[in-house]
Amino acid sequence: MAAIALVAASCGGSSDGSGTDPDQAASSSDSDTGSDSGSDSDSEVAAPKLHSEPADGGSENEADSGDETGEDAEEANSGDDSESAGSSGCGASHETGVSDVEIASGDLERTYRLFVPTSYDPAVDIPLVLNFHGYTGSSEGQARTSGLEELAESEGFIAVHPQGSLNPVANLAFFEFGLGDSGVDDVTFVTDLLDDVESRLCVDTDRIFSMGHSNGGYFSSRLICEASERLAAVATVSATIFPDDCDPSEPTPLIAFHGDADNVVPFDGGPSVFLGNRSAVDIDPVPPELKQLVDLFRVHIADEVGEWAEANGCGPTPVESAEDFAGTLITYEDCDAPVLLYILADGGHGWPNGDPATEVDATAKTWAFFQDQ
């Protein structure tokens, strides 16, 4: 198991303090990393309480449009008549498009970016996907890099991009996934956020999913440990961990993506820009200020995914195969909940978006995986 007693500043996908993901400087072909290095990053940290941007002329939906038959509504709800999984917000009107929403969580004012597709009908409960940015990143940057909102529009689900809080040491955005001393409870933030969205919109509470990049991938791993009862499945990109103290309340489907040439969160203990391009396994003795990063980067991502497979009751020997991409697909069998790992040959730290380097669109494959659960 990987040691996870990490200070907030070591939350994966980090930068050199400039606000730019170090993998951007390391590889010009791997420029979109989930860290938002543009001029809009500062403004994204402090989002307004509520500002709506209708998508494609989106308008406010009324609770009873009168143009949908009972048969159509039943089909939209996957034909399940046994018990509605609709949230308390069902029936309430809401504007479509993008809104930046502020809520109180703990002692902090937190924000999230909410996207509602133009097809939204407040009488029909629909899925919700959480998407967490990397260290130094922003909700807007993660939405842009992953393309999740465009997919949500075409597929008809709600997309939510939470905004991380500011690291008390480096003053950069992050999600607390370990046992550091930041004092930020991001798991509670997520449960508060979900409660808020479910009160505003008609959410299928049986189809809430989480995905994240780098620091956001580590944090999505943590959510399985502490909030699996709220999640139907999880995806991690460029960072996966099985915390030592993890005790999920139930098996949770997991799909992971990681490049074998990642120089930020190394796939198998290789060099990391966090460590001055040194390998964690070669640092001996370990300086006290680097111990947490060294412990984190000595792990092998495939081993961490294997621990998730064990927690999900999978058989011990996975199947390796090659699909339509450059790399290897690891599939665990005989699981209580499925576990997949895409190892991307020569893939870096950035979000896999179907470019020639990896030929994998992580957003599309993740949504297909979510739909199967």
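Run down Val234, Val203, Val187 and say which single residue is under 17 Å from the mean Cα position of the chain (by Cα), surrounded by 19 or more Cβ atoms within 10 Å (Cβ to Cβ) and among the β-branched types (Val, Ile, Thr). Reasoning before the result, please.
On the way: Val203 fails: under 17 Å from the mean Cα position of the chain (by Cα); Val187 fails: surrounded by 19 or more Cβ atoms within 10 Å (Cβ to Cβ).
Sole residue among the options that is under 17 Å from the mean Cα position of the chain (by Cα), surrounded by 19 or more Cβ atoms within 10 Å (Cβ to Cβ) and among the β-branched types (Val, Ile, Thr): Val234.
What is the one condition in (1) assigned to a loop (DSSP other than H, G, I, E, B); (2) of a type outside the set (Phe, Trp, Tyr); (3) closer than 20 Å to Ile301 by Cα that Glu320 does not satisfy?
Evaluating Glu320 over (1) assigned to a loop (DSSP other than H, G, I, E, B); (2) of a type outside the set (Phe, Trp, Tyr); (3) closer than 20 Å to Ile301 by Cα leaves (1) as the failure.
For the subset of segment 298-311 comprising residues that are over 21 Å from Gly347 (Cα atoms) and among the acidic types (Asp, Glu), which member is surrounded by the most Cβ atoms within 10 Å (Cβ to Cβ)?
Glu307
State the number of residues belonging to segment 244-280 that are buried (at least 23 other Cβ atoms within 10 Å of the Cβ) and either within 15 Å of Glu310 (Cα to Cα) or touching a strand residue (DSSP E or B) at 6+ places or on another chain (Cβ under 8 Å) (or both). Let's see the steps before the verdict.
Just the residues of segment 244-280 that are buried (at least 23 other Cβ atoms within 10 Å of the Cβ), to begin with: 252-259, 262, 264-266, 272, 274.
Next, only the ones that are either within 15 Å of Glu310 (Cα to Cα) or touching a strand residue (DSSP E or B) at 6+ places or on another chain (Cβ under 8 Å) (or both) stay: 252-259, 264-266, 272.
Total meeting the criteria: 12.
Would you mention how many residues in segment 338-372 are over 17 Å from the mean Cα position of the chain (by Cα), surrounded by fewer than 23 Cβ atoms within 10 Å (Cβ to Cβ), outside any strand (DSSP E or B) and on the phi < 0 side of the Ramachandran plot?
Residues meeting the conditions: 6.
Of all residues in segment 281-297, which are without any contact (Cβ under 8 Å) to a residue 40 or more places away in the chain and surrounded by fewer than 22 Cβ atoms within 10 Å (Cβ to Cβ)? First the steps, then the outcome.
Our first condition is that a residue be without any contact (Cβ under 8 Å) to a residue 40 or more places away in the chain; within segment 281-297, this holds for 281-291, 294, 297.
The answer is Val281, Asp282, Ile283, Asp284, Pro285, Val286, Pro287, Pro288, Glu289, Leu290, Lys291.
Find all pairs meeting these conditions: Cβ atoms under 8 angstrom apart; at least six residues apart or on different chains; first residue within segment 93-116 and on the phi > 0 side of the Ramachandran plot; second residue crowded, with 21+ Cβ neighbours inside 10 Å and part of a strand (DSSP E or B).
Between residues of segment 93-116 that are on the phi > 0 side of the Ramachandran plot and residues that are crowded, with 21+ Cβ neighbours inside 10 Å and part of a strand (DSSP E or B), the close pairs are Gly97/Phe115; Gly97/Val116.
Scan Ala152, Ala123, Ala143 and give me the residue that is more than 23 Å from Ala362 (Cα to Cα) and of a type outside the set (Ser, Thr, Tyr).
Ala123 is the lone residue from the list that is more than 23 Å from Ala362 (Cα to Cα) and of a type outside the set (Ser, Thr, Tyr).
Bear in mind these aren't lab numbers, they're just calculated from the coordinates by the rules spelled out. Note that the coordinates shown come from a computational prediction; the quantities given were computed from them, not determined experimentally. Cβ: placed from backbone, ideal geometry, glycine included. Neighbour counts: every protein chain shown.
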